[in-house]
Amino acid sequence: MPVSLGTAKAAAGKLVYGTYDLVEHPTGGCDRLPVIIAQGSARGPVFWLTAGIHGNEHAGLQVLHLLIPRELARKLRGTIVCIPALNPAGLRTMKREAYYHHGDPNRLFPDGKARDPHDPDLEPPSVLEAAYSRLFEEMRSTANYWIDLHNTWTGSVSMVYRDRVYYRDQGTPAQIKAARLEAENLDRQIGEICEAYGHSVVNEMGCSGYFDDKLHRSTTGAAVNVARIPALTMELGTGHMPDPKIVQACRTGLVNVLKWAGMLEGNHEAITGITVVKPGYACRRRGTPRVSVPCIVRHLVEPGDLVKQGDPIAEVRDIWGRPIAEKVLKSDTDGWIMGRTHGIVHYPGTEVTGMGVPDDLPTVLPYPAGYCPGSAQARAER
Ligand SMILES: [Zn+2]
């Protein structure tokens, strides 16, 4: 199967290594992405596995080094395209961002809207945005599936962020029905991958939070909602010093997913050694509860804890140690603690934990007005 990326060209039964030119430096030379392609002798799907778009999130790099040993290609049906470091500048400097793009690198993938490249009033895309657009087209032309590996907060639970699938509800009733069916089929595959992976699952935020935060322009948001490719973001606990148990459990989960995709033989392996939260209801992620005053907090919960509305989450004190304002910050909802957000010193309005909260929204929804990729309306409202 002729799959290639940059200088890496797939060869049946082999692992091949290469690079993909990302950003050319004004000082000469270039940032290149490391590329590994593993191809089995038998035909099968093409699975993209990537990590490190946030340069201070290092667990995914270790997972991919463990997952892609030399013997993998001999057992594989189909092809794995692996990029273990999507943001080399961030990785070198141990920063979330690349120094040549100010802003989150995981909000730069195409949203499907047409842009006028000749409008002098519009700022052109940064070199990184332009590079990721090129890479996205490479992914779109070869991938059947994509998993992108990340980290959340120190000590946070290993979990999956599941994008909702949006569809175009414009046109004739038959066109709308067909679009909805296509979205439901994509969503079903995404759900099956979550099940096969076997870690905790949270749905992405509701419609307004998702689009306001430009999550539809993340790696997997764009894969799902522009390229219509089943894709998931895996969050692997602490980023700067990976937890070996989560790294191992992610590797096991990915092997389960490759088995689900028909790319490896064998039975599903149990996920062990990590916290897997199954609260019995669907959850979406939310930063909550939030402090109301400038303060110092002491958390009263651990990642993975199930909580009820009204349960204590953190003590709230001033810098001298005196209890202030709400004194004890309580949960405003049932749910579970995904992790404690970084730091104990907060300004008002800051969340002290990330929680999985009950999610009564469907996982398949119409695009909100102005966001439908490629539509005249989207172009007009840009
Ligand atoms: Zn990340």
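The values are calculated or read from the model by the stated rules, or taken from the named source; none is laboratory data. Just so you know, these numbers come straight off a predicted model, no measurement behind them. As a convention, Cβ positions derive from the backbone with ideal geometry for all residues, glycine included, and neighbour counts pool all protein chains shown.
One table, with the values for the structure above:
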{"read-out": "Selection from segment 231-249 of residues that are within 16 Å of the ligand (Cβ to nearest atom), more than 17 Å from GLY304 (Cα to Cα) and in a helix (DSSP H, G or I)", "value": "VAL247"}
{"read-out": "Matching strands (runs of 3 or more DSSP E) fully within segment 124-222 where at least 2 residues are of a type in the set (S, T, N, Q)", "value": "200-203"}
{"read-out": "Filtered residues of segment 90-114 (kept if touching a residue at least 60 places away in the same chain (Cβ under 8 Å) and surrounded by fewer than 13 Cβ atoms within 10 Å (Cβ to Cβ))", "value": "MET94, ALA114"}
{"read-out": "Extreme residue, surrounded by the most Cβ atoms within 10 Å (Cβ to Cβ), among residues of segment 52-79 that are within 14 Å of the ligand (Cβ to nearest atom) and not in a loop (DSSP other than H, G, I, E, B)", "value": "GLY60"}
{"read-out": "Which listed residue is of a type in the set (A, V, I, L, M, F, W, C), farther than 14 Å from ALA131 by Cβ, within 16 Å of the ligand (Cβ to nearest atom) and within 15 Å of the chain's Cα centre (by Cα), from LEU49, LEU108", "value": "LEU49"}
{"read-out": "Tabulated pairs, segment 50-71, first polar (S, T, N, Q) and modelled with pLDDT of 95 or more, second within 12 Å of the ligand (Cβ to nearest atom) and not in a loop (DSSP other than H, G, I, E, B), C-beta under 8 angstrom, 6+ apart or interchain", "value": "THR50/GLY60; THR50/ASP148; THR50/LEU149; THR50/THR219; ASN56/GLY90"}
{"read-out": "Segment 104-135: number of residues that are at pLDDT below 85 and within 20 Å of ALA223 (Cα to Cα)", "value": "4"}
{"read-out": "All positions within segment 111-150 that are more than 16 Å from the ligand (Cβ to nearest atom) and under 28 Å from ASP243 (Cα atoms)", "value": "TYR145"}
{"read-out": "Flag if MET159 is in contact (Cβ under 8 Å) with a residue 60 or more places away in the chain and in contact with a His (Cβ under 9 Å, 6 or more places away or on another chain)", "value": "yes"}
{"read-out": "Output for segment 80-100, where each listed residue is under 19 Å from ASP148 (Cβ atoms), more than 15 Å from the ligand (Cβ to nearest atom) and in contact with a helix residue (DSSP H, G or I) (Cβ under 8 Å, 6 or more places away or on another chain)", "value": "ILE80, VAL81, CYS82"}
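For (1) exposed (fewer than 15 other Cβ atoms within 10 Å of the Cβ); (2) in contact with a His (Cβ under 8 Å, 6 or more places away or on another chain), each residue gets a yes or a no:
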| site | (1), (2) |
| --- | --- |
| GLY280 | yes, no |
| TRP320 | yes, no |
| GLU326 | no, no |
| ASP332 | no, no |
| GLY339 | no, no |
| VAL352 | no, yes |
| GLY356 | no, no |
| LEU365 | no, no |
